[in-house]
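Here the structure is laid out as structure tokens; the discussion comes afterwards.
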Amino acid sequence: MSAGPTPLAQSPMWQALAAHHREIGSRHLRQLFADDSSRGERFAAEAAGIYLDYSKQRITDETLRLLLALAVECGLPERIEAMFRGEVINTTERRAALHVALRRPQGMALVVDGTNVVAEVHAVLDAMTRFAETVRNGDWRGHTGRRIRNIVNIGIGGSDLGPVMAYEALRHYSERALTLRFVSNVDGTDLVEATRDLDAAETLFIVCSKTFTTQETLVNAHAARDWCLSHLEDEAAVAKHFVAVSTNAEGVKQFGIAPGSMFGFWDWVGGRYSMDSAIGLSTLIAVGPEHFRALLSGFHEMDEHFRSAPLTSNLPVLMGLLALWNNNFLGAATQAVLPYEQYLKRLPAYLQQLTMESNGKHVREDGQPVGVDTSPVVWGEPGTNGQHSFYQLIHQGTRIVPCDFIGFAKALNPLGDQHDLLMANLFAQTEALAFGRTADEVKADGDSAPKLVPHRVFEGNRPTSTLLVERLTPATLGALVALYEHSVFTQGTVWGIDSFDQWGVELGKSLAKRTAAELTGGNEPALAHDSSTNALIRRYRRLRTQ
Ligand code: F6P
């Protein structure tokens, strides 16, 4: 097991890193760059079309050596192998975490409990492809014989964030004659606004839910069904306007969707790792089979790199360990993801679930406290918008916010010199964050009143990584997502936690069920909550009917 019986913070490598941090923790990036003119080229690695420059992280060669030794001490190489072999690494749910099987090429078998799961994956992929093609070429008709022009994906969490992120990211490659919408929130506004200008006769709903028990998704799916039938006035219309993606065939059947209109996946695919399973059906319909397969090949290329590259040049390992250094040793509680690519506007939200649902844990796999901080809070917005909003804090605030800058060399929509301007901003931000501006430099500029000098000083020494890619394509998107998946896995392995369960979402769900019954009904219920919750419920009951 990764963390072993010794508390992580007492392990030899952790202790060595703590001592090392005392020694170099406050060393400035100005100094580190001045000491080594090749730092910018040396602290970089490349795989699957992604160039990672981590030279602006606050590390030395020794930091890296110790972090890599920590990863080995925590059993990372063995755990990577265990994941790829399909072992039960999600121990609290007693299952494998085999999302890497979803993107294996057909001939590359992976036998788990006597079953070649890759063959099963490709059988579903083929069925999805056949269906997507009929929608795209107009062979699949709605109940009244009209062509499908609108796709509404209903799902939440991993059954929404992956599909919506991928659709937005790959919109450039999508069939523009189709309108795609994504409904996730139990707030009725989500569905109402998503459908208000759609023609039911031309609308297909994809109900995505791994469990097919998620309250929000089932409520929205029933409301969508009502909306559809209110327009088409025939129960039989459901067959032409609803398909499902789930592991729960029985639940899908009960909802009224025929088994032939269900695309399956497996319990070894975690929700937040499922955008490349049948949960990606909306992506496949939007961009077509060729692009979807390219997306999978990008994922696979990064998987192979993660599995086989030496740790010293392994992108996900390096990214994971740098995140851990920033979090556990530099004390950064958050991590910003800043794509300089408008199409990646939903990537930060996607990575929030991937990272925080995976590694927001307080105990190790064996139930013992982790004893050190786990997942940082992940947040972000596309550049350059964020620059005119929250970057002030990143530059001059009192907290360290490590940032991942993501940029592309080629624009998908070249417009004058706008792409060069965009990228100039990215490079300038990483430079300003690393090197800042001293009081002497401010004074030398000569355009500041003395009392303004402190306001114009930039301390610098803010750690960043830059991910530079030639172009945003389905393949590079796949590689990018796999990079973050495996970085999250690397961090979770060092902490010794199960990155594939999510027990922390259960308490809120069960309390909401109990509370829902108390919000309506004629008689004032006997409320057995705390005094705050009781008062809020009473006030809500009064106001909702006034
Ligand atoms: O409540 C959290 C969660 O279980 C996520 O892990 C998951 O992605 C989401 O809900 C949706 O679950 P399902 O796909 O089963 O509807």
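The values are calculated or read from the model by the stated rules, or taken from the named source; none is laboratory data. As the structure is a computational prediction, the values presented were derived from the model and not from experiment. Here the Cβ positions follow ideal geometry from the backbone for every residue, glycine too, while neighbour counts run over all protein chains shown. These area figures cover heavy atoms from the full protein model, side chains too; ligands, DNA and RNA do not enter into them. Shrake-Rupley method; radii C 1.70, N 1.55, O 1.52, S 1.80 Å.
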Please work out how many pairs of lysine residues in the chain are eight or more positions apart (or on different chains) and have Cα atoms closer than 26 angstrom.
16
Treating each Cα of segment 448-546 as an identical point scatterer and ignoring solvent, apply the Debye formula and state log10 I(q)/I(0) at q = 0.14 Å⁻¹.
-0.79
Taking H as built 1.01 Å from N, whose amide H comes closer than 5 Å to the amide H of CYS208, not counting residues under 5 places away?
ILE154, GLY155, VAL245
Residues whose placed amide H lies under 5 Å from that of MET262, excluding near-sequence neighbours:
ALA244
Take the alpha carbon atoms of segment 399-419, find their center, do the same for segment 22-66, and report the distance between the two centers in whole angstrom.
21
With a 1.4 Å probe and every protein chain left in place, tell me how much accessible area LYS513 has, in Å² to the nearest 10.
140
Cut-off 12 Å between beta-carbons: net charge of the residues surrounding ALA535, Lys and Arg +1, Asp and Glu -1:
+3
Can you list residues from other chains, or at least 5 along the same chain, whose modelled amide H is less than 5 Å from the amide H of ILE151?
THR179, LEU180, ARG181, LEU204
Return one whole number: the accessible area per residue of segment 309-399 in Å², for a 1.4 Å probe.
38
Just to be sure I understand: of the beta bridges DSSP finds with both ends in the chain, what percent are antiparallel, rounded to 5?
30
Find the eigenvalues of the gyration tensor of the Cα atoms of segment 402-488, then list the square roots of 5 times those eigenvalues as equivalent ellipsoid semi-axes, largest first, in whole angstrom.
34, 18, 7
With a 1.4 Å probe and all protein chains left in place, how much of the accessible area of segment 409-461 comes from carbon and sulfur atoms, in whole percent?
56
For segment 278-292, Karplus-derived ³J(HN,Hα) couplings (6.51, -1.76, 1.60; θ = phi - 60°; whole Hz; x for glycine and proline) come out as 4, 4, x, 4, 5, 5, 4, 5, 5, 9, x, x, 5, 5, 5
Ordering of 101-109, 164-172, 64-72, 518-526 by packing [mean C-beta count within 10 Å, highest first]
164-172, 64-72, 101-109, 518-526
Using the Kirkwood radius built from alpha carbon pairs, what does the Stokes-Einstein equation give as D for segment 156-295 at 37 °C and 0.692 mPa s, in µm² per second?
215
The correct pair for the chain, radius of gyration to one decimal and Dmax as a whole number, both in Å and from Cα atoms, is 25.2, 78
May I ask you to evaluate 6.51 cos²θ - 1.76 cosθ + 1.60, the Karplus curve with θ = phi - 60°, for each residue of segment 196-202 and list the ³J(HN,Hα) values in order in whole Hz, giving x for glycine and proline?
4, 9, 9, 9, 4, 5, 10
Whole angstrom only: what separates the Cα centroid of segment 78-155 from the Cα centroid of segment 264-294?
6
Beyond 19 Å, the calculated P(r) of segment 339-392 holds a percent of Cα-Cα pairs equal to 44
Using a 1.4 Å probe on the protein heavy atoms, what percent of the accessible area of segment 94-248 belongs to carbon and sulfur?
46
In Hz, Karplus ³J(HN,Hα) per residue of segment 20-33 (6.51, -1.76, 1.60; θ = phi - 60°; x = Gly, Pro)
4, 5, 4, 7, 10, x, 9, 5, 8, 4, 4, 5, 4, 6
At 222 nm, what value in deg cm²/dmol follows for the chain if DSSP H runs of at least 4 each add -39500 (n - 2.57) and the sum is divided by all its residues, to the nearest 500?
-13500 deg cm²/dmol
Solvent-accessible area of ASP267, probe 1.4 Å, all protein chains present, reported in Å² to the nearest ten, please.
80
